[in-house]
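The values are calculated or read from the model by the stated rules, or taken from the named source; none is laboratory data. Given the structure is predicted, the values throughout are model-derived calculations rather than measurements. Here Cβ is always computed from backbone atoms with ideal geometry, including for glycine, and neighbour counts include all displayed protein chains.
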């Protein structure tokens, strides 16, 4: 019985070691390369004139998606476009929109 317990422990330790090594190898192979540009969220944030668009992205729950790696095409309106939209639709500002309205406007416009 003692020998079976030792064998089981050794098998378990070996399995854990192999799994951990494999995960690191996969992360190294498929991880984000250092030479890639930052995510689209960070690029727009750096530009400075997309604050209202980014606020809508956050409210809609897409910040994590647009901050990560991936192939995204985003037609982001400037803050002035948001201001014109708000004025034309009698909306006081981004605070007047809820998450559902932000998702709808981001996906359909």
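Does residue 86 qualify as being more than 25 Å from the chain's Cα centre (by Cα), at pLDDT 90 or above and not in a loop (DSSP other than H, G, I, E, B)? It is true that residue 86 is more than 25 Å from the chain's Cα centre (by Cα), at pLDDT 90 or above and not in a loop (DSSP other than H, G, I, E, B). Screening segment 1-62 for helices (runs of 4 or more DSSP H) wholly inside it with 1 or more residues that are touching a helix residue (DSSP H, G or I) at 6+ places or on another chain (Cβ under 9 Å), modelled with pLDDT of 75 or more and surrounded by 10 or more Cβ atoms within 10 Å (Cβ to Cβ) returns the ranges 40-47, 51-60.
Reported count of residues in segment 70-83, each being surrounded by 14 or more Cβ atoms within 10 Å (Cβ to Cβ) and modelled with pLDDT under 90, is 1. Scanning segment 63-83 for residues that are within 20 Å of residue 48 (Cβ to Cβ) and not in a loop (DSSP other than H, G, I, E, B) yields 63, 66, 67, 79, 80, 81, 82, 83.
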